[in-house]
Protein chains: 2
Amino acid sequence: VEGRVLKLTLEYDGTGFRGWARQPGARTIEGVVRNALSAVYPTWDGLAVAGRTDAGVHATGQVASVSVQGGPPPERAPDALNAALPGDVVVAAAEHAPDGFHARFSARARAYRYRILRRRIRSPFAEHRALWWPRPLDLDALRESAALLPGKHDFRAFTPTETQHDVLTRTVLAAGWEEHDEELHFTIAADSFLRHMVRTLVGTMLEGRDLAPLLQGQPRSDGGMTAPACGLYLERVEY
Amino acid sequence: VEGRVLKLTLEYDGTGFRGWARQPGARTIEGVVRNALSAVYPTWDGLAVAGRTDAGVHATGQVASVSVQGGPPPERAPDALNAALPGDVVVAAAEHAPDGFHARFSARARAYRYRILRRRIRSPFAEHRALWWPRPLDLDALRESAALLPGKHDFRAFTPTETQHDVLTRTVLAAGWEEHDEELHFTIAADSFLRHMVRTLVGTMLEGRDLAPLLQGQPRSDGGMTAPACGLYLERVEY
């Protein structure tokens, strides 16, 4: 399609979805976004996304790109698309992107947040939105672990062996733990991420494991557990 | 039942419920709490609640009382009951109450919060949890309205005509508006509340109406709209 390239910023509650990527018979974010695009644009093509989030993972700053012809101007695209989207997905912003812009390949960095609810009793409001962790956590130790992450490492200990990644090194730009009332948040930014990488880093840190040896290309079997999807948020993509 | 009186503090996401009160064929908070009590206590009786919340209304500090025999000691009641409750209801605390304690009749005051999301684009995370209000709001005017509320007034303009209340006056102890990032919250405490009273106060203020004449016993037809249930939280009950 010869048309305008749109950059869309998306927010979604991943609870009701089998992740981003379209699958037959499953409710996916890509599926509902494609339906909305078809309702709003006479012609569109080449939908791409910065981070193909897994089932149950949320986004507050996912970015998609798509070529469109006809339809509303970019400043009216969010309202038009939101009218065609279900309540758990929203287009927060839309703008023209330069020719050749691709949400995934043009991205220089992604930032994720992992939310942990640390109280003894679970919360109905954090259900599906944060990991409930009633046991004690050593925040100093968690911070020491996070401090090891910036830089270029081989992260194969933190991604399923069967996942097909050509390159298993990634460059972490920043990582840390923040306290927010009853919650503890792990934040991490990197050039890109291996599948399950944030969740497995969180799971391994929660086990109290020493990350240092694992960052040197140890096999997956040496890594820790994969924390549940519900705590993870794709927060920002940088271009 | 001759037994201990328990005071339970409950939190719930009201989205999936037809309100507190048990109804045949409907999922209600009372219904799931009764099931949990039966799973944990050999004998129990006299379940009462401070505020019989409507369908879709949430609670962060609801209080219930119940007489129990046998079962776990109060300090272990939350975990035992929570294991038998669905994810959208939780017992946050349990303690022995004095003989004769009744969650509703012993309550001296209740406090509610109404959450308004004021951004142009709706949020997937605030869906069912706050009223989305994309239009401008005059916070000064809202605060002037709230300042009229403390004291004893006839609130019949703010409750459905068909509701059976013997007395239509209530004493408001405090009321105000708070800003929380992208949200605006109305908070109000009173000895007790008429049905729909908080929601209709909010709806009337959002319409920009002058509350002063309405607080003198005007009929319901003079009051404003009833704001949706999803923004309302029963936050605290005082004894």
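Residues in the range A:31-40: is at least one of a type in the set (D, E, K, R) and assigned to a strand (DSSP E or B)? There is no residue in the range A:31-40 that is of a type in the set (D, E, K, R) and assigned to a strand (DSSP E or B). Criterion first (of a type outside the set (Lys, Arg) and over 16 Å from the mean Cα position of the chain (by Cα)) does B:His102 satisfy it? So B:His102 passes the test. Are there any pairs, at least 6 apart or on different chains, whose C-beta atoms fall under 8 Å, with the first in the range B:211-223 and touching a residue at least 60 places away in the same chain (Cβ under 8 Å) and the second small (Gly, Ala, Ser), and if so, which? The qualifying pairs are B:Leu211/B:Ser145; B:Leu215/B:Ala157; B:Gly217/B:Ala157; B:Gln218/B:Ala157; B:Pro219/B:Ala157; B:Arg220/B:Ala157; B:Asp222/B:Ala157; B:Gly223/B:Ala157. Any residue at all in the range A:134-144 that's over 21 Å from the mean Cα position of the chain (by Cα), more than 14 Å from chain B (Cβ to nearest Cβ), assigned to a loop (DSSP other than H, G, I, E, B) and within 21 Å of A:Gly51 (Cα to Cα)? No, the range A:134-144 contains no residue that is over 21 Å from the mean Cα position of the chain (by Cα), more than 14 Å from chain B (Cβ to nearest Cβ), assigned to a loop (DSSP other than H, G, I, E, B) and within 21 Å of A:Gly51 (Cα to Cα).
Would you please name the residue that is nearest to the other protein chains (Cβ to nearest Cβ), looking only at residues in the range A:161-179 that are surrounded by 15 or more Cβ atoms within 10 Å (Cβ to Cβ) and closer than 21 Å to A:Asp222 by Cβ? This residue is A:Ala175. The set of residues from the range A:73-85 being away from chain B (no Cβ under 13 Å) and surrounded by 17 or more Cβ atoms within 10 Å (Cβ to Cβ) comprises just one member, A:Pro74. All of A:Thr163, A:Thr171 fail the test of being in contact (Cβ under 8 Å) with a residue 24 or more places away in the chain and either more than 30 Å from B:Ala80 (Cβ to Cβ) or among the β-branched types (Val, Ile, Thr) (or both), apart from A:Thr163.
Does the range B:61-72 include one or more residues that are within 13 Å of another protein chain (Cβ to nearest Cβ) and either closer than 19 Å to A:Arg120 by Cα or at pLDDT 95 or above (or both)? Yes, some residue in the range B:61-72 is within 13 Å of another protein chain (Cβ to nearest Cβ) and either closer than 19 Å to A:Arg120 by Cα or at pLDDT 95 or above (or both). Candidates in the range B:103-123 are the residues that are touching a helix residue (DSSP H, G or I) at 6+ places or on another chain (Cβ under 9 Å) and in a loop (DSSP other than H, G, I, E, B); of these, the one that is surrounded by the fewest Cβ atoms within 10 Å (Cβ to Cβ) is B:Arg120.
At least 1 residues being farther than 29 Å from B:Phe125 by Cβ, modelled with pLDDT of 95 or more and acidic (Asp, Glu) is the threshold, and among the strands (runs of 3 or more DSSP E) wholly inside the range B:152-238 those reaching it are B:232-238.
If the condition is being more than 19 Å from A:Gly14 (Cα to Cα), buried (at least 17 other Cβ atoms within 10 Å of the Cβ) and of a type in the set (A, V, I, L, M, F, W, C), then the range A:203-239 contributes A:Met205, A:Leu206, A:Leu211, A:Leu214, A:Leu215. Candidates in the range A:59-76 are the residues that are under 13 Å from A:Ala48 (Cβ atoms) and not β-branched (Val, Ile, Thr); of these, the one that is farthest from the chain's Cα centre (by Cα) is A:Ser67.
Hey, among A:Asp88, A:Asp99, which residue is of a type outside the set (A, V, I, L, M), in contact with a helix residue (DSSP H, G or I) (Cβ under 8 Å, 6 or more places away or on another chain) and either farther than 17 Å from A:Ala39 by Cα or at the interface with another protein chain (Cβ under 10 Å from one of its Cβ atoms) (or both)?
Testing whether each residue is of a type outside the set (A, V, I, L, M), in contact with a helix residue (DSSP H, G or I) (Cβ under 8 Å, 6 or more places away or on another chain) and either farther than 17 Å from A:Ala39 by Cα or at the interface with another protein chain (Cβ under 10 Å from one of its Cβ atoms) (or both) leaves just A:Asp88.
Hey, does the range A:105-118 have a residue that's within 14 Å of another protein chain (Cβ to nearest Cβ), within 30 Å of A:Arg170 (Cα to Cα) and out of contact with any His (no Cβ under 8 Å at 6 or more places or on another chain)? Yes, the conditions are met somewhere in the range A:105-118.
The values are calculated or read from the model by the stated rules, or taken from the named source; none is laboratory data. As the structure is a computational prediction, the values presented were derived from the model and not from experiment. Using ideal geometry, Cβ is built from the backbone for each residue, glycine included, and neighbour counts are taken over all protein chains shown.
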